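Read-outs: derived from the displayed coordinates by stated rules, not from any lab. Values in this document were obtained by computation on a predicted structure and should not be read as measured data. Here Cβ is always computed from backbone atoms with ideal geometry, including for glycine, and neighbour counts include all displayed protein chains.
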Number of protein chains: 2
Amino acid sequence: MTEWAKRLLVGRPLRTTSLHRQLLPKRLALPVFCSDPISSVAYATEQIIMALTLGGLALLHLTGWVGVAIVGVLAVIVLSYRQTCYAYPNGGGAYVVARSNLGVNAGLVAASALLVDYVLTVAVSVAAGVDAITSYAPGLQPWSVALSVACIAVLTVVNLRGTRESGRGFAVPTYAFIATVYVMFLFAAWRLLTGERPRATSADFTIEPYFQPAGLVAIFLVLRAFASGCTALTGVEAVSNGVPAFRPPKSRNAANTLAVMGALSITMFSGITALALLTGVRMIDPDHPGRIAGAPADYVEPTALAQIGQAVFGGGILYALLQATTAAILIMAANTAYNGFPMLASILSADSFLSRHLHKRGDRLVFSNGILLLATAAAVLLVVFDANSSRLIQLYIIGVFVSFTLSQTGMVVHWQRAGGPRAPGVLPRQAINAVGAVVTAVVLVIVLTTKFLNGAWLVCLAMPALFLTMKGIRRHYDQVRVATRPGAAVDRPASGHAMVLVSRLSAPALQAVAYASVSRPAGLEAVHVCVDEEETRELREGWQRYAPDVPLTLIDSPYRSIVGPILDHIRKRRARHAGQLVTVYIVEYVIGRWWERALHNRMTARLRKRLLLVGGVTVTLVPYRLASGERRAAEPRPPRLATRLALLAGRTPPRDPGSD
Amino acid sequence: MTEWAKRLLVGRPLRTTSLHRQLLPKRLALPVFCSDPISSVAYATEQIIMALTLGGLALLHLTGWVGVAIVGVLAVIVLSYRQTCYAYPNGGGAYVVARSNLGVNAGLVAASALLVDYVLTVAVSVAAGVDAITSYAPGLQPWSVALSVACIAVLTVVNLRGTRESGRGFAVPTYAFIATVYVMFLFAAWRLLTGERPRATSADFTIEPYFQPAGLVAIFLVLRAFASGCTALTGVEAVSNGVPAFRPPKSRNAANTLAVMGALSITMFSGITALALLTGVRMIDPDHPGRIAGAPADYVEPTALAQIGQAVFGGGILYALLQATTAAILIMAANTAYNGFPMLASILSADSFLSRHLHKRGDRLVFSNGILLLATAAAVLLVVFDANSSRLIQLYIIGVFVSFTLSQTGMVVHWQRAGGPRAPGVLPRQAINAVGAVVTAVVLVIVLTTKFLNGAWLVCLAMPALFLTMKGIRRHYDQVRVATRPGAAVDRPASGHAMVLVSRLSAPALQAVAYASVSRPAGLEAVHVCVDEEETRELREGWQRYAPDVPLTLIDSPYRSIVGPILDHIRKRRARHAGQLVTVYIVEYVIGRWWERALHNRMTARLRKRLLLVGGVTVTLVPYRLASGERRAAEPRPPRLATRLALLAGRTPPRDPGSD
């Protein structure tokens, strides 16, 4: 059943050799890798306004200047990362760049920052997408957590199907959002030219300041607005990390995609911020409510983009389209993380910093385990934070700027190694990355200081925890590698002794004896622990009849325990015959129905685990199929959907590749 | 750690041979087996009043007559069961009596009734005990579910320590409750003689009828009051079931204990009912509230016994003592079920009607698994029913009267087989049981008709479900017994082929090869599934160096699955060499720390399960200890508390018997 469901959801397995067919043309790479930065224009302006409004309306005229600063930083980062695309054609994620230029620890810091941020990207984007939906249909508000988790489920399934298909699926909403926003700009321009001035419904609200906006407080509020607006900068990493997924010439295609993304982000962000100022959008932080005057009693705050859209389009189909495409691209933006996280996890796993099972590609050639891990973590965050995007956003971007700074610093070192400023062509490149490093470091400091108490401390705990976990895993794998190197001492027993555990006289027990004797052991004995006198007597009598040549050892157990006396017996034997391997034969019933499992094999699992702790012992499981187990073993694996369809269509089905 | 905690809680293991030392003298048997029927006098009167009050105050004068009827039934049941004690000295629970006289199905009906009722006994007694506590301290009301579950936890631990000790622990509260109630009677008598008449605080409340008490409705209400009061009759079963736990002469001691219990129950129940009438206690069913006039606005209804106690003692230390001993005995009453349920489950398990692990005694000689099962079921009920004793009590007593009726009917058949009414001494005995059977059958019909809609339907579903489950388990075990009888065909392979699964060149893999070759198989091969080209190349090169004489089979896996290709390979081999046993060697890492488990053996478990489904294959687990696993294996088992204390006292500790 589960196999059926899996095939239906994720499709048939793909051959390893078809990996190159999954490469992305630019028109698909843009939605796959850039939906995150492009979509963040949907909430960046709003975050700036909210932060400034903590000081009432007095600081709101600074929105434009904060926006300009953010556009400046974005331009620097895009320029910097274009160079990374060329310098690291095999994928220049912050981890790779920092690790190869600044050392393992810097790499791991960048990696933990990125892992945390990918999870947050999913959580924030999905929560913001659901916000767009509930702005349009406030009745859905109570179900926002459920909606968010459902979105994650859909994203997960789509990504488990593979990169190519998800790229296609995501192209439409990304381009639709971009188009709708530009249409909104044209509409606004036309209305302005005809002398109209669109006004947001909230334009006449007055808002009490939460802090008095004077002196240092004003500076703090502006810096915090800047820090909040920097959410527009997330996700640039994904392109440079994903260079190998581009069609050749990979580096150039990636760099150009990055440039297109930069141009789109800058124009859209600038336009939306300008419109927000023009329409007079008012927004307050939902964590500090009750300061609005002039609003109706049951006022539910729509997002800033929704307010602008309503003001410009005056409601109607275009406004609905704006909300729909906003929701769609925001949810798709989470997809950027679905590409970044599993790939980074796989690289870290190959370097032994994460569990090995994150390394291998699943049967659709994607890193299925990484995808599932990301989805689970994001879903947990959404549930814990009640799908509240404003609160989640506070945790965000710290990781981004940690990795930006490390990556750009790494690039500076990279150019230095490439010959330094005096080598031909290096100076301008190194300069760009140096500017990038300094700017992102400054932003990081601003973000940290202005957001620490608002939840950023959580990330400041999570990152070191991840860092230490990864170091610990690496240390463990290193120890294992040393301990298990082929040259290590191997126990070479001279002979083997077989011990068949028998609880009562039965065909399975006799089967185990028959199998044990095939291995022609130096010694063969059946072992029974006496707990019930009657049982023991029956066994002894029957044994004489059915297996007279196999000695039956009876072990007393005055305290009715089974495992302890068996272990004692083996240890005693090992002490007498140190050079002999003891193989313990245990019958394991093969059972078909779930409820039958409660009735069998209860002792087997316990015995197996304890026996493996004794040195010089192997455990051989002798399956014995009960009727229902027989049926289960005989059941054919469910054929994949393609096979069934081919059969329906009368064609020869392709060979079923099977699966784990 | 868990072993330590277990020893501290339940004490050191007991030898099987010390079983007879756990036998109970009468003075301990009374609290162990009779706390249930004795304690139910604490709520039986209240249940009668509540049921009658559904018709307002008009029917309340009938309380006395209902009480008389119940005393009559109780006397009949005690007389009937005394005979069972003599007739079935090895334990005459309803299951045994019904099974041996009326057939397996009747026995199973009785058994499912009893199992359900034991669980309800625990739930009802604990809930009522907590009611007594919250009547005295209404502030604890919000924690009643938590208190109830805590009580169950304590009872469970005490019972896991063993019957003898729990008998001792429970003697004090039982005798204290009996003494306090008789002191209350003396007090009331003295106050009456001095001309005072104690009045309950609720005596002047007027209560609106919920039903108009006329004609059939009045009859229905009286019958329902009778049915509710019959809760006083529960638990008699436990004595006849527990005959083997008495000191010799077992039957006589048990019968006499039953007689003492009957006398105590009848006098206490009659006295309490009389006092309730005298003091004018008013109570309403909490499920039909809002019909009291004259009560203060924040009136929280105390239990009837609490109201009587307060009226007689006028508050003070004696009132507090009454509440404390009531709470204690009610909670102890649950203990009756802790003795009955596990023993019945063990008998059913021995007859293959329940999972075999309920049959064996744990290391304290009690049926630990049965105790844990009972505790879990009762705790779930308490949580689901919000520890509401009035609602739980509706589910109760149906099972009791089902088993009473079957048991007494069985006794009638028993006497018939013993010669029938004409044999010497049989007539009066058979007559008593016949009367018992008829009376309990009538009560059962009354209970069923008057309580069906109030929750009894739940029990009417649970009992058949249990019945069918037990039949299913028996059928399964029977099938297994036939399928695994020693004469069944056993596969006798002519030779063995060893297959060592190798994922990379490592000491564990070489260790597995070394162990495999000890069994001198006809063929030995190492098998590797190629998923990563680099890995495969490394393995092939290293293999030449470290194990040149063992052929290495490389299996292609274009879809990167591991399990499927291995199974295919084995199946192909089996098709060519049908008479050969294939033994698959799998390395299992032995790991010490929990978090390391996430990093290893992920594939092993899956492989093991799938391989056991292939015919003619055994799986041999080759343990390889990592450093932490080495430490875990070397760790001594935690010594039991007695050993540590003996060492502290400078004495030679007794030998540690070990445990599972």
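Here are the numbers for the structure shown:
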quantity: Of A:360/A:609; A:360/B:572; A:572/A:609; A:609/B:360, pairs whose Cα-Cα distance is over 24 Å; calculated: A:360/A:609; A:360/B:572
quantity: Spherically averaged projected area in nm², based on the convex hull that wraps the Cα atoms of the stretch A:495-625; calculated: 8.1
quantity: The stretch B:391-525 - charge dipole about Cα centre, Lys and Arg +1 at Cβ, Asp and Glu -1, debye rounded to 20; calculated: 300
quantity: Position residue A:191, label points 7 Å along Cα→Cβ, spacing to each other copy in nm (shortest first, one decimal); calculated: 8.3
quantity: Calculated P(r) tail over 33 Å for chain B, as whole % of Cα pairs; calculated: 58
quantity: Helix-only mean residue ellipticity at 222 nm for chain A, each DSSP H run of n ≥ 4 adding -39500 (n - 2.57), per residue, nearest 500; calculated: -21000 deg cm²/dmol
quantity: Other protein chain Cβ atoms within 10 Å, averaged over every residue that makes up B:553-559; calculated: 4
quantity: Around residue A:482: net Lys/Arg minus Asp/Glu count, Cβ-Cβ under 13 Å; calculated: +3
quantity: Built amide H within the under 5 Å cut-off of residue B:624, gap 5+; calculated: B:588, B:589, B:590
quantity: Efficiency of FRET from Cβ geometry, residue A:357 and residue B:492, R₀ 45 Å, rounded to 0.05; calculated: 0.65
quantity: For residue B:263, label point 7 Å along C-beta direction: distances to other copies, nm; calculated: 10.6
quantity: Where labels lie 7 Å past Cα in the beta-carbon direction, separation of residue A:105 and residue A:541 in nm; calculated: 7.5
quantity: Ranked by how many other beta carbons lie within 10 Å on average, peptides A:491-497, B:575-581, A:253-259, A:440-446 from highest; calculated: A:253-259, A:440-446, A:491-497, B:575-581
quantity: Positive minus negative residues near residue B:291 (Lys, Arg vs Asp, Glu; Cβ under 14 Å); calculated: -3
quantity: Residue among B:406, A:227, A:344 farthest towards the positive dipole end of the protein assembly as shown, charges placed on Cβ; calculated: A:344
quantity: Globularity index of the protein assembly as shown, i.e. its alpha-carbon radius of gyration over 2.2 N^0.38 Å; calculated: 1.16
quantity: Descending Cα extents along the principal axes, the stretch A:307-418, whole Å; calculated: 56, 40, 28
quantity: About the Cα centre, charge dipole magnitude for chain A (Lys/Arg +1, Asp/Glu -1 at Cβ), debye; calculated: 2520
quantity: Neighbouring partner chain Cβ atoms per residue of A:470-482, average, 10 Å criterion; calculated: 3
quantity: The protein assembly as shown - share of DSSP beta bridges that are antiparallel (%, nearest 5); calculated: 10
quantity: Estimated FRET transfer efficiency (residue A:533, residue B:606; beta-carbon r; R0 45 Å; 0.05); calculated: 0.65
quantity: Surrounding net charge for residue B:340, when Lys and Arg each add one and Asp and Glu each subtract one, Cβ distance under 11 Å; calculated: -3
quantity: Whole-number D in µm² s⁻¹ for the stretch B:173-282, Kirkwood Cα-pair radius fed into Stokes-Einstein, 10 °C, 1.306 mPa s; calculated: 92
